[in-house]
1. Around residue 186, with a cut-off of 15 angstrom between Cβ atoms, what is the net charge of the other residues, counting Lys and Arg +1 and Asp and Glu -1?
2. Go through segment 122-136 residue by residue and turn each phi into a ³J(HN,Hα) via Karplus (6.51, -1.76, 1.60, θ = phi - 60°); whole Hz please, and just put x for glycine and proline.
3. Normalised by the number of residues in the chain, what is the relative contact order in percent for Cα pairs under 8 Å and 6+ residues apart?
4. Which value at 222 nm does the chain reach when only helices count, each DSSP H run of 4 or more adding -39,500 (n - 2.57), with the total divided by all residues and rounded to the nearest 500 deg cm²/dmol?
5. Would you tally the net charge around residue 208, using a Cβ to Cβ cut-off of less than 12 Å, leaving residue 208 out, and scoring K and R as +1, D and E as -1?
6. Mark the label point 7 Å from the Cα of residue 88 along Cα→Cβ and return the residues of segment 133-148 whose backbone N is within less than 18 Å of it.
7. For a quick check: with amide H placed at 1.01 Å from N, whose amide H comes under 5 Å from residue 105's, ignoring anything fewer than 5 positions away on the same chain?
8. Scan around residue 67 for amide H atoms under 5 Å from its own, H built in the peptide plane at 1.01 Å from N, and keep only partners 5 or more places away or cross-chain.
Amino acid sequence: MVVYSSIELTCTDGIAILTFNRPKALNALNTSLLEELSHALNALKADESIRVLILTGAGDKAFIAGADISEINTLSPLGAKQFAQAGQEVISKLQELAIPVIAAVNGYALGGGCEMALACDFIYASEKAVFGLPEINLGVIPGFGGTQRLPRLIGANRAKEMIFTGKHLTAAEAREIGLVNKIFSPEELVVAATETAKLIATKGKASLCAAKQTINQGLNTDLQTGLAIERDAFALMLASPDAKEGTGAFLEKRKAVFTGGLND
Ligand code: CAA
């Protein structure tokens with residue numbers, strides 16, 4: 001496994017845990033971290049044995065406190081566009097990962113950190129988590145997808161309130177508006193995310209990936225097109241070895257054991 005300087009990647013029994021690891025800068029996203037993340041995502045994509053990815057932050061204060069302000073402070077307009085593009089590309093790569101991704105938000109998830117969590121399939125938060133898009137306080141706007149993904153997730157009116165005020169939300173407030181699925185104590189957070197990941201990992205990888213892709217594609221289209229995407233994916237899945245195992249196991253009154261990978 002490659003050794004990174006600003007992230008850590010561990011893989012156990014098909015579950016990968018990627019930890020943002022610049023605790024002195026509250027895990028802020030600089031160019032070097034984004035490059036390492038992109039590299040790690042490519043490695044995860046190529047590894048058929050990985051079934052679920054969990055993202056979290058090192059230290060007890062932050063998931064990610066945003067893009068690195070000392071870096072963006074020096075950028076020209078062209079440099080800013082390139083920086084935003086680099087961040088958007090790696091966060092889109094995360095969102096497009098075929099496997100389920102859980103954000104385990106252990107502290108500040110501000111700016112680019114909140115935007116990173118938004119690209120995950122769902123968010124578990126510690127009681128100490130804080131969410132926000134405070135870019136307006138810096139005289140800028142979110143640049144890693146926040147103006148696009150947040151309204152799609154929580155609705156335009158709530159997203160506008162968060163982006164216009166730059167206010168921080170507690171974990172409970174974030175759960176109330178549908179940003180966070182569940183809240184845990186700091187000690188339980190990654191344990192709980194891993195338990196959920198283990199449950200997900202018992203399901204067929206091909207059908208998990210098909211479900212994720214169908215939901216994500218459907219969110220970007222009209223209902224009729226989304227239903228057509230679902231019909232096609234359903235038919236494809238029904239022809240898979242995992243569907244034979246799953247339906248057969250039900251009829252034989254036994255527990256299904258899914259072995260199918262993406263290429264079966
Ligand atoms: N970039 C660079 N360094 C950061 C940082 C960031 N986003 N956030 C925190 N740090 C650094 C601080 O500069 C400080 O470093 P030093 O010890 O060397 O001074 C260290 O991390 C600890 O931070 P604080 O002393 O500020 O800790 P605190 O507990 O008092 O406050 C905080 C915590 C509320 C998160 C505060 O650090 C803060 O507001 N950070 C900035 C949050 C922010 O504005 N994020 C958006 C960034 S822009 C962006 O993300 C654009 C985009 O969409 C791409």
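All of the numbers you see were taken from the coordinates with simple rules; none came from a lab. These figures come from a predicted structure and were not determined experimentally. For neighbour counting, all protein chains shown are included, and Cβ atoms are generated from backbone atoms with ideal geometry for every residue, glycine included.
1. Values: positive: 61, 128, 182; negative: 60, 127, 187, 188.
Neighbourhood net charge equals -1.
2. 7, 10, 9, 10, 7, 4, 8, 5, 9, 10, x, 10, x, 4, 4
3. On the way: 468 pairs, mean separation 40.8, N = 264.
Worked out over the chain, it gives 15 percent.
4. On the way: 11 runs with 126 residues, N = 264.
Value at 222 nm, helices only: -14500 deg cm²/dmol.
5. +2
6. Output list for this probe position: 135-136, 140-148.
7. Residues meeting the amide H criterion: 124, 125, 126.
8. When sequence neighbours closer than 5 places are left aside, the close amide H contacts are 29, 112, 113.
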